[in-house]
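*Asks:* Let me begin by handing over the structure; questions about it come next.
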Amino acid sequence: MTSLLVIVVLVLLAIALWQLTKIFDLTQVGSSSDDTQVASDNDNNIQGYIMFGFLAFIYIFTIYGLLKWGNLALHTPASEHGLLVDNLMNITWVLIFVVQFITQGLLYWFSFKNRGHKDKKALFFADSNKLEAIWSIIPSVVLACLILYGLYAWNNIMFVDKDEDVIEIELYAQQFKWTARYAGNDNVLGKANVRLIEGINTLGVDMSDPNSQDDIVVSELHIPKGKKVHFKMRSQDVLHSAYMPHFRAQMNCVPGMVTEFAFVPTYTTSEYRELPFMVEKVSNINKLRAEKSVELVAKGGTALDPYTFDYLLLCNKICGASHYNMQMKVVVDTPEDYKKWLSEKTTLAQDIKAAAAAKAPAEGPKATTDSTAKDTVKAVIDTVKAAIAKVAMK
Ligand SMILES: [Cu+2]
């Protein structure tokens with residue numbers, strides 16, 4: 001509502017200014033001032049200086065933005081390939097920054113230098129091969145280098161050696177939650193299909209497949225440090241995107257197909273929490289939270305909990321109303337802790353069996369009631385039959 005009011009006020013202000021200039025123009029009618037529509041030298045000078053002012057604004061705002069918000073960008077990558085991604089990103093940023101700094105400067109400098117003047121005439125020439133060559137070849141070479149380096153990085157990141165010892169995990173996306181499935185002892189994920197979704201088998205795992213028997217389904221992702229994890233993504237409903245920013249990993253989850261991504265985590269969750277930049281970041285967040293809590297408590301609300309860092313798996317496609325809330329905690333353990341955590345989990349086959357067993361006793365008494373009722377009816381029928389037979393014999 002406040003924003004609407006601000007917009008209305010701004011529009012009214014603009015209309016008022018426009019009307020004021022019209023009144024001002026009317027007061028000038030008949031005076032000797034130059035009211036020609038052709039720009040004078042004075043007008044051109046003003047435009048030239050405004051151009052320079054705009055250039056200064058762009059430069060100052062860029063530098064201010066870098067200093068003020070530069071620290072909000074992601075810091076140390078927590079995966080092996082993350083360094084490669086960051087390198088590619090940094091090279092691209094530096095290149096864009098330098099090129100824009102120079103070209104913006106030249107654009108506004110030439111606009112100022114060649115501003116209109118009564119005695120100046122524009123130079124006409126049809127074409128310049130030298131200029132065409134310079135502005136075609138330089139960007140082509142720079143872009144080709146950047147693309148080649150990008151392809152090299154992409155191939156390095158996406159390549160998974162079939163013989164490599166990796167951990168297979170499925171990430172299952174649905175509106176609006178993530179579920180993970182571990183391949184179990186055989187390290188092969190059982191087949192799955194959304195048509196097989198039934199009861200607690202919410203991922204549609206094909207339980208007739210021998211590879212499914214040791215699969216483990218969980219709602220919190222644990223992965224070991226220093227070991228390659230191979231993720232296979234599926235989606236139940238719409239397009240989602242598995243995004244793990246600290247690991248520099250992102251892959252679309254597309255209904256009807258399996259997409260993949262693999263990486264090696266390099267810091268356990270507790271190691272990452274101890275990194276100096278993270279300690280500082282968390283203490284800043286908690287300082288802000290403490291200030292906010294004082295405000296909330298004063299208004300009769302409850303104080304905010306202190307923040308602790310955790311790796312997250314987020315959805316990076318706007319997939320519906322609760323998209324913002326579609327996330328799963330990711331814990332990077334030491335290999336020993338990971339093994340221990342996984343060994344404590346039950347398999348999906350066990351869960352399905354337990355669910356069926358829990359259902360059976362519930363159906364048990366019902367069956368007994370049914371049979372008791374049947375027995376009673378049978379007894380009544382028998383008695384009636386016997387009575388009829390007795391009457392008939394008489
Ligand atoms: Cu989503």
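*Asks:* What number goes with the only condition from (1) in contact (Cβ under 8 Å) with a residue 12 or more places away in the chain; (2) within 16 Å of the ligand (Cβ to nearest atom) that residue 310 does not pass?
*Replies:* Looking at each condition in turn, residue 310 falls short on (2).
*Asks:* Listed residues 214, 237; which is farther than 26 Å from residue 159 by Cα, in a loop (DSSP other than H, G, I, E, B), within 16 Å of the ligand (Cβ to nearest atom) and modelled with pLDDT under 95? Write out each step before concluding.
*Replies:* Values: 214 fails: within 16 Å of the ligand (Cβ to nearest atom).
Just a single option satisfies the conditions, and that option is 237.
*Asks:* Being exposed (fewer than 14 other Cβ atoms within 10 Å of the Cβ) and more than 16 Å from the ligand (Cβ to nearest atom) narrows it down to one of 282, 297, so name that one.
*Replies:* On inspection, the qualifying residue turns out to be 297.
*Asks:* Hey, among 339, 317, which residue is in a helix (DSSP H, G or I), assigned by TED's automatic domain parsing to the domain that holds residue 237 and modelled with pLDDT of 85 or more?
*Replies:* Only one candidate qualifies: 339.
*Asks:* Cβ-Cβ distance below 8 Å, separation of 6 or more or different chains: which pairs start in the stretch 128-149 with a residue that is modelled with pLDDT of 90 or more and end on one that is of a type outside the set (Gly, Ala, Ser)?
*Replies:* 142/95; 146/91; 146/92; 146/95; 149/88; 149/91
*Asks:* Return yes or no: is residue 248 more than 16 Å from the ligand (Cβ to nearest atom) and crowded, with 18+ Cβ neighbours inside 10 Å? Give the steps one after another, and end with the answer.
*Replies:* Numbers: more than 16 Å from the ligand (Cβ to nearest atom): yes; crowded, with 18+ Cβ neighbours inside 10 Å: yes.
Yes, satisfied.
Listed here are the residues, each with its yes/no results for (1) away from the ligand (no atom under 16 Å from the Cβ); (2) surrounded by fewer than 15 Cβ atoms within 10 Å (Cβ to Cβ); (3) touching a residue at least 40 places away in the same chain (Cβ under 8 Å); (4) not hydrophobic (A, V, I, L, M, F, W, C).
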| residue | (1), (2), (3), (4) |
| --- | --- |
| 259 | no, no, no, yes |
| 268 | yes, no, yes, yes |
| 315 | no, no, yes, no |
| 322 | no, yes, yes, yes |
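*Asks:* Which of the residues that make up the stretch 168-201 are more than 16 Å from the ligand (Cβ to nearest atom), part of a loop (DSSP other than H, G, I, E, B) and either buried (at least 17 other Cβ atoms within 10 Å of the Cβ) or of a type outside the set (Val, Ile, Thr) (or both)?
*Replies:* If the condition is that a residue be more than 16 Å from the ligand (Cβ to nearest atom), part of a loop (DSSP other than H, G, I, E, B) and either buried (at least 17 other Cβ atoms within 10 Å of the Cβ) or of a type outside the set (Val, Ile, Thr) (or both), then 183, 184, 185, 186, 187, 189, 190, 191, 193, 199 are the ones that fit.
The values are calculated or read from the model by the stated rules, or taken from the named source; none is laboratory data. Fair warning: this is a prediction, and the values are worked out from it, not measured in the lab. So basically every Cβ, Gly included, is an ideal-geometry build from the backbone, and we count neighbours across all protein chains shown.
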